[in-house]
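A short worksheet on the structure shown next.
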Amino acid sequence: MADPRVPLVSLLTGFARELRAAGLSAGTGDVLAYATAMAALDPSDLTDLYWAGRATLVTRREAIAVYDRVFRQYFLAAAAPARELVTIRAQAGPDAPAVLQVPATEPPGPEREEQQAALGLMASGAEALRHKSFAACTPAELAAVRRIMSRLRLTPPRRRTRRTAAAPRGRVPDLRRMARESMRLHGEPPQLSYRQRRVRPRPLILILDVSGSMADYSRHLLQFAWSARRSAARVEVFCFGTRLTRITRALDHRRPDEALERAAAAVFDWEGGTRIGASLAAFVRDWGRRGLARGGIVIICSDGLDRGDPEVLAAAMERIARLSYRVLWVNPHKGGDPGFRPSTLGMMAAAPHVDQVLSGHDLHSLEDLAALLPALG
């Protein structure tokens, strides 16, 4: 029982008693937390009383409406038990009446309709932004696209390995485990145990063109690569203009802007010329033959405008196609045209070794690429 000589404690315990009578489960520990919180606040301020009680006595969202009703009856009604114990302080001025604004659980009708309309406009704006080309976006729209893209999560395809692991059921018996169990049971027959092949994600390799002809798309493709790197561990990212640069480590930062700045600083030929064949040949020579691309998904993002020898590009693409599991080519010039045919010399040289040509000109096309990846396994 609360000490009657302490009016604040009597006030708080009485309020908790009213809450329990209304159906809320405000226990002794909750009341002690409420009193502890009010010891550091102003007990004559109804705002402090309201929020301290709501933070310590309410544990479910549906109980907020009951808490608000009991609070008004206990502190604000004409015959409120606590009216004489609490002095309401004026907030606006010495002559202005103090009014406690208790937040409603649901906003009133017109306000709620306006809020829904605003949310509808935001949703329609975001949907329109998904289908707008990066080259046609304003700086504010590009910033919104980058915020949406930072929440994009990629799931690389998976493959079964040669190694096996214990499984609750299957078709291959685990003879070693059953032999150990039989020895532990002194020769008694054990339960059947099984093994199955392990599943692991395939490597994902992104090779991005950052030459001058890709200036409108390179930053967004880099952010797409950052999202891929944040989603899975086996992701490698390379950039090329006139030479190949590995930027996997540069993208290992939790903030996309700083990661992209580090990646841009690592690339010396940003928005310069284009030598796709020589860059892909360097990838095969320095990374692909070492096992980086073996069994993986290679995604090349470029418009195919190559100033080098097309035979070098064709030979490099043939080696990449043999080493990898799938080769995807993302060309922003494809847009939404389903009948797109490669017209540049680089694309025509690479086309026989590409499994699928996709578009990366807007956010929607990159989301389609992210949705396609799990099905490739």
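Bear in mind these aren't lab numbers, they're just calculated from the coordinates by the rules spelled out. Worth saying up front: this structure is predicted, and the values here are computed from it rather than measured. Cβ atoms come from the backbone with ideal geometry, glycine included; neighbour counts cover every protein chain shown.
Distances between placed amide hydrogens fall under 5 Å for R159 paired with R200, R202, all partners being 5 or more residues away or on another chain.
Rg to Rh for the range 202-376: what is it, with Cα atoms only and Rh by Kirkwood? Could you put the intermediate results ahead of the total?
Working: Rg = 14.5 Å, Rh = 15.8 Å.
On the Cα set of the range 202-376, Rg over Rh gives 0.92.
The amide H of T248, built 1.01 Å from its N in the peptide plane, has V237 as neighbours under 5 Å, considering only residues 5 or more places off or on other chains. A cut-off of 5 Å between modelled amide H atoms, ignoring neighbours fewer than 5 places along the same chain, links W287 with no other residue. Roughly how many whole Å is it from the C-alpha centroid of the range 293-342 to that of the range 176-218? Spelled out, the Cα-based centre of one part sits 29 Å from the other.
The label-point distance for A215 and E367, in a model that sets each label 7 Å from Cα toward Cβ, rounds to 3.0 nm.
Backbone phi angles across the range 162-177, fed through the Karplus curve with coefficients 6.51, -1.76 and 1.60 (θ = phi - 60°), yield HN-Hα couplings of 7, 6, 10, 9, 4, 9, x, 8, x, 10, 9, x, 8, 5, 5, 5 Hz in residue order; Gly and Pro are listed as x. Residue by residue, the range 281-291 carries 3J(HN,Hα) couplings of 5, 5, 5, 5, 5, 9, 10, x, 5, 7, x Hz when phi is fed to the Karplus relation 6.51 cos²θ - 1.76 cosθ + 1.60 (θ = phi - 60°); x denotes Gly or Pro. Peptide packing for 290-300, 63-73 was compared via the average number of neighbouring C-beta atoms within 10 Å per residue; ordered from the highest value, the list is 290-300, 63-73.
Rank-order 211-217, 194-200 by packing density, defined as the average count of other C-beta atoms within 10 Å over each peptide's residues, highest first.
Numbers: 211-217: 19.1, 194-200: 14.9.
Going by the mean number of other Cβ atoms within 10 Å, highest first, we get 211-217, 194-200.
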